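The values are calculated or read from the model by the stated rules, or taken from the named source; none is laboratory data. Bear in mind that the values here come from a model prediction, so they are computed numbers and not experimental data. Cβ placement follows ideal geometry from the backbone for every residue including glycine, while neighbour counts extend to all protein chains displayed. When the accessible area is computed, the model is the full protein with side chains, heavy atoms only, and any ligands, DNA or RNA have been set aside. Shrake-Rupley method; radii C 1.70, N 1.55, O 1.52, S 1.80 Å.
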Amino acid sequence: MSKPAVLTLDDKEYVFPTIKGVENEKAVDFRTLRSATGYISYDEGYGNTGSCQSEITYIDGEVGILRYRGIPIEQLADKSSFLESSYMLLYGDLPTQFELDQFTTRVRKGAAVSPMMCDALKGFPRDAPPMGMLGSMLGAMSCYNASMATNDRAVDLEHFDEAAAAAIAQTATAAALGYRVTKGLEGNQPDPSLSFGDNFLHLMFSEEGRPYKAIPEVSRALDLMLLLHADHEQNCSTSTVRMVASGGANLFASVAAGCGALWGPAHGGANMAVIKMLEEIRATGDDGSKFIEEAKSGKSGKRLMGFGHRVYKNFDPRAKIIGKACEELLNKLGIDDPCLDIARHLEQAALADDYFISRNLYPNVDFYSGIVLRALGIPSDMFTVMFAIGRMPGWVANWREIAMNPKMKINRPRQIYQGPALRDYVAMEDRG
Ligand SMILES: CC(C)(COP(=O)(O)OP(=O)(O)OC[C@H]1O[C@@H](n2cnc3c(N)ncnc32)[C@H](O)[C@@H]1OP(=O)(O)O)[C@@H](O)C(=O)NCCC(=O)NCCS
């Protein structure tokens, strides 16, 4: 038992229990704060607020640690696969071969989306943003998989295995279909003989009489990219999924909300912003030095995209892995991407610069992931969609954790009201 915390407020002492996590993370349990004291805790941006106790992912941002279900991301990147890690995120443990085969089959079987969803996608404008289309399709999945999306917790949990596989597989299918529709191309049918990543690339790029030809280095890089994005604790989109799930909403409605949260440039949109930044730097003939000065001045509103993180105050461990994989992939494919040279220069310059050092700003996962995705042939406006495909197992695992908790309360933060004090309604004719 950890020692309780004593808080003095208005000359009165209150005692609150404390909680310790498996890795010695400490929290003051303020659940009775308001009823006991009349105060609420104020923590805009939630930087000091634990919204839940979770068994899924552990991060120590001070030293740069990320673990899924206790296993370091470095080991998973080296030895596991996206689907195996997804299984572990969903169900808690590494699967046996039988469990993995069963799960893989479920994902493959669940990959086809309803033809009506394909028709719905055709109704979007040709220049529709891929994240807008994907979010709509995730919401639509609750209509086309209605028996698994009843908002009756017991029923939705009974269908969880199928629903989870459908959410993971159909996200990839819908993303690829959205791409083809906006290009005026017919959609491809999923190929259950292919791995998760190869099937996605087939859905994107196979043409009549010219099927997508898998390249082992490409398959591995895509699988790694997805695995590294699979979960990341209580980030903006995952917290959104949990928030929506806490109201009792079904899996598809909850992950659709998460998809909206991911879209923003401070979150999942950063990988697109990195490539845009690198291209802009290239177009001006700068090697990155001028841009760094602008980002430091803060005047231009520019930031060094792909640098900094709310939680990591050290190297993002995923950035190390993906940076190395990026070099290897480009070498193997013989791609000479000038953006990689600029990225390398930016990284070296920023890591030696006091501005970035003093603020603990290190490269995050997005810094190199865009270059990898570009090498895989993924258009840059789809980068955030790729992040969503990778993050889906994490969202689903977090939905399940909420759904399986019988003590779960609806998430409902409070606020400090700072608007006008009580005043009377003024009739139209009396308004100045
Ligand atoms: C990720 C991010 C939103 C985290 O933000 P945060 O923890 O709230 O940090 P803050 O925005 O409070 O920034 C703290 C300081 O570092 C500076 N800073 C943070 N990220 C910076 C960046 N990428 N480039 C330049 N300066 C940056 C801020 O200007 C601020 O400086 P100040 O103390 O002089 O005012 C932020 O680092 C960022 O915008 N990064 C770029 C976008 C990105 O890569 N996002 C992907 C995250 S996985």
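Of the heavy-atom accessible surface of segment 75-266 (probe 1.4 angstrom), what whole percent is carbon and sulfur?
The value for segment 75-266 is 55 percent carbon and sulfur by accessible area.
In nm, what is the difference between 0.36 nm times the number of residues separating residue 300 and residue 41 and their Cα-Cα distance?
89.7 nm
Return the Rg/Rh ratio of the chain with Cα-based radii and a Kirkwood Rh. Could you put the intermediate results ahead of the total?
Values: Rg = 23.4 Å, Rh = 23.4 Å.
That ratio is 1.00, to two decimals.
Measuring from label point to label point, each 7 Å out along Cα→Cβ, what is the residue 422 to residue 7 span in nm?
Modelled inter-label distance: 2.7 nm.
Can you bin segment 329-432 into rounded, prolate or oblate? Criterion: square roots of the alpha carbon gyration tensor eigenvalues sorted a ≥ b ≥ c, rounded for a/c under 1.5, prolate for a/b above b/c, oblate for the rest. It would help to have the intermediate numbers written out before the result.
Details: a/c = 2.47, a/b = 1.75, b/c = 1.41.
Prolate, because a/c is 1.5 or more and a/b exceeds b/c.
Over 25 Å between Cα atoms: which of 26/320; 12/409; 276/296; 183/332; 20/407 fall into that group?
On the way: 26/320 28 Å; 12/409 29 Å; 276/296 18 Å; 183/332 29 Å; 20/407 20 Å.
Check vs 25 Å cut-off fails for 26/320; 12/409; 183/332.
Give the separation of the Cα centroids, segment 353-376 to segment 173-200, in Å.
30
Quick one: dipole size for segment 189-283, taken about the Cα centre, charges +1 on Lys/Arg Cβ and -1 on Asp/Glu Cβ, in debye to the nearest 20.
Working: 6 positive and 10 negative charges, 36 e Å.
Roughly 180 debye, rounded to the nearest 20.
When only Cα pairs under 8 Å and 6 or more residues apart are kept, what is the percent relative contact order across the chain?
20
Would segment 75-266 count as rounded, prolate or oblate if I go by the C-alpha gyration tensor, calling it rounded below 1.5 in a/c and otherwise prolate when a/b exceeds b/c, oblate otherwise?
rounded
List residues of segment 325-359, by number, whose backbone nitrogen lies under 17 Å from a label position 7 Å along Cα→C-beta of residue 314.
357-359
Report the extension gain between residue 147 and residue 183 in nm, rounded to one decimal, defined as 0.36 nm multiplied by the number of residues separating them, less their alpha carbon distance.
Here the answer is 9.7 nm.
Between 196, 356, 307, find the one with the highest GNM mean-square fluctuation for the chain; connect C-alpha pairs within less than 10 Å.
356
Per residue, what accessible area does the chain have, given a 1.4 Å probe and all protein chains present, in Å²?
Result: 51 Å² of accessible area for each residue.
State the percentage of accessible surface on segment 270-375 attributable to carbon and sulfur atoms; use a 1.4 Å probe and exclude ligands, DNA and RNA.
With neighbouring chains kept in place, the figure for segment 270-375 is 49 percent.
When only the heavy atoms of the protein chains count and the probe is 1.4 Å, how do 148, 408 rank by accessible area, highest first? Working shown, then result.
On the way: 148 20, 408 60 Å².
From most accessible down to least: 408, 148.
Compute the separation of the alpha-carbon centres of segment 241-256 and segment 1-65 and state it in Å as a whole number.
A separation of 25 Å, based on Cα centres.
Would you please classify the overall shape of segment 263-322 from the alpha carbon gyration tensor, given that a ≥ b ≥ c denote the square roots of the eigenvalues, rounded means a/c under 1.5, and beyond that prolate means a/b larger than b/c while oblate covers the rest?
Prolate shape, in that a/c is at least 1.5 and a/b is the bigger ratio.
Determine ³J(HN,Hα), in whole Hz, for all residues of segment 345-350 in sequence, where each value follows from phi through the Karplus function 6.51 cos²θ - 1.76 cosθ + 1.60 and θ = phi - 60°; x replaces Gly and Pro.
5, 4, 4, 4, 5, 5
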